[in-house]
Amino acid sequence: MFQANCLGRNAVPLPNICNELLSPCLCELMPLPSPRINGEEWPYAGIAEQFPGLRFLNNREDYTENIMPIRLELLGQRIQESHQLKIVCFYGMDYLDKWEKVAKVPLHRAQLRDNLGTYYLGNRNGTCFIVSLHPAAIGLRNDYFTALGEVMQDLL
């Protein structure tokens with residue numbers, strides 16, 4: 001419910017840190033929605049047929065090959081241009097090697113309290129980079145993100 005209705009919607013005050021407002025930035029690695037990373041279903045093939053300039057939308061492989069390098073570079077630039085980011089959280093363990101490229105730091109596996117799951121963590125120039133399971137992961141419970149939020153709070 002929180003993810004659907006609240007996450008990334010409003011600027012929020014940073015309690016006990018400063019009087020500034022924190023405006024979250026949430027973005028997906030790949031900009032077009034698709035049900036699964038490795039699924040057979042690809043809803044954009046029809047667009048590729050209609051518009052020759054968008055042939056890379058013919059299938060998931062062409063789309064990924066053409067768009068992912070651009071997105072990784074863009075995300076890395078935005079993170080570097082942002083001033084004094086404390087935490088950057090990436091969703092999706094399937095992209096761990098990509099997140100390391102964006103973070104420009106090795107990401108090491110860590111365990112959440114009470115064996116709620118794992119995440120990856122790295123630090124570069126005062127910015128902590130965290131990789132978590134994707135919120136849409138099957139069987140994932142809210143406790144995972146509560147524990148991850150506690151880790152992030154401790155890092156602030």
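The values are calculated or read from the model by the stated rules, or taken from the named source; none is laboratory data. The shown structure was predicted, so the numbers you read here are calculated from the model rather than taken from an experiment. Positions of Cβ are backbone-derived with ideal geometry, glycine not excepted, and every protein chain shown enters the neighbour counts.
Summary table below
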quantity	calculated
Enumeration of residues in region 131-144 that are modelled with pLDDT of 90 or more and assigned to a helix (DSSP H, G or I)	143, 144
Test: residue in region 56-67 that is under 17 Å from the mean Cα position of the chain (by Cα), in a helix (DSSP H, G or I), surrounded by 13 or more Cβ atoms within 10 Å (Cβ to Cβ) and modelled with pLDDT of 70 or more	yes
Residue satisfying all of: in region 97-114; within 16 Å of the chain's Cα centre (by Cα) and part of a helix (DSSP H, G or I); surrounded by the fewest Cβ atoms within 10 Å (Cβ to Cβ) among these	97
Options 139, 126, 117: the member that is surrounded by 15 or more Cβ atoms within 10 Å (Cβ to Cβ) and either out of contact with any His (no Cβ under 9 Å at 6 or more places or on another chain) or under 25 Å from residue 77 (Cα atoms) (or both)	117
Positions within region 86-96 being assigned to a loop (DSSP other than H, G, I, E, B) and surrounded by fewer than 16 Cβ atoms within 10 Å (Cβ to Cβ), in sequence order	86
Residue 78 part of a strand (DSSP E or B), out of contact with any Cys (no Cβ under 7 Å at 6 or more places or on another chain) and surrounded by fewer than 17 Cβ atoms within 10 Å (Cβ to Cβ)	no
